[in-house]
Amino acid sequence: MASAEYGYSLYYPYIHFHDEKWLKLAALYYDGLGRIVPQGFEPNDSHTASVLRGELNFIRDLPPDVAEVDLVASEFLGFLVNEFPERQKASRLRKNERFSVDYIVG
């Protein structure tokens, strides 16, 4: 029987977990969850989320940091260039300002 590896996942676009059953199920499958939480904001977590975050370190709060955006954008564009079927179009896509980090961040 084949097994799937789920690794870590990003809970997005919300901060608070809306479904307690889903959160418990995610804890069975994922190695951990990250969520984007602005600095200084303290989430009002349920007891389950508090235990998964504090005691088990399953939930990680990630700051909306530009460095993270740079990393994700770089990896994503690398993936596009490697997987894009036409190399000339991939090259133009990489140079296109619409896909620059400055555009994504604003």
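The values are calculated or read from the model by the stated rules, or taken from the named source; none is laboratory data. Every value quoted in this text rests on a predicted model; they were computed, and no experiment measured them. FYI the Cβ positions are ideal-geometry reconstructions off the backbone, even for glycines, and counts take in every protein chain you see.
Of the residues contained in region 24-38, one or more are found to be of a type in the set (Lys, Arg) and over 20 Å from residue 72 (Cβ atoms).
Listed by first and then second residue, the pairs with beta-carbon distance under 7 Å, at least 6 apart or on different chains, first residue in region 45-56 and over 13 Å from residue 18 (Cα atoms), second small (Gly, Ala, Ser) and in a helix (DSSP H, G or I), are 52/27. Scanning region 62-89 for residues that are surrounded by fewer than 12 Cβ atoms within 10 Å (Cβ to Cβ), within 22 Å of residue 13 (Cα to Cα) and modelled with pLDDT under 75 yields a single hit, 67.
Within region 27-38, residues that are within 13 Å of residue 12 (Cα to Cα) sit with their Cβ atoms under 7 Å from residues that are surrounded by fewer than 17 Cβ atoms within 10 Å (Cβ to Cβ) and charged (D, E, K, R), at 6+ positions apart or across chains, in these pairs: 34/60; 35/61; 37/61. Here residue 92 passes the criteria (1) at pLDDT below 75; (2) touching a Pro at 6+ places or on another chain (Cβ under 8 Å) except the one numbered (2). Could you please let me know if residue 36 is within 14 Å of the chain's Cα centre (by Cα) and modelled with pLDDT of 95 or more? No: the conditions fail for residue 36.
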